[in-house]
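The structure under discussion appears below in the form of structure tokens.
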Amino acid sequence: MANNPFDAIQSRVGDFLGSKGLSGLENPITQLIRQSLQDMEFVTLEDFEIQKEVIQRLRERVHALEQRVEFLEKRAM
């Protein structure tokens, strides 16, 4: 099993090109794929889950503040 997604992609590309007799293209293609993946801004699942929790807490806080503002506006009338 590959250690990271790029290794899996590289292995599949190499297998495919080898089966077609195009193994000489493997290095340039894998370099192109690697560069394309590096240009993308991926985050780990752990970082994603942390951000999801932060956003949920912020939503709850905004909701509570909206309720408080509504209460204060009604009281001021």
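Numerical summary
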{"read-out": "Residue, farthest from Ile9 (Cα to Cα), within the stretch 43-63, restricted to residues that are surrounded by 10 or more Cβ atoms within 10 Å (Cβ to Cβ) and hydrophobic (A, V, I, L, M, F, W, C)", "value": "Val62"}
{"read-out": "Condition broken by Pro28, with the remaining ones in (1) outside any helix (DSSP H, G or I); (2) at pLDDT below 75 satisfied", "value": "(1)"}
{"read-out": "Residue in the stretch 44-56 that is over 17 Å from the mean Cα position of the chain (by Cα), at pLDDT 75 or above and among the basic types (Lys, Arg) present", "value": "no"}
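The values are calculated or read from the model by the stated rules, or taken from the named source; none is laboratory data. None of the values given here were measured: they were computed from a predicted structure. Reconstructed Cβ throughout: ideal geometry from the backbone, glycine too, with neighbour counts over all protein chains shown.
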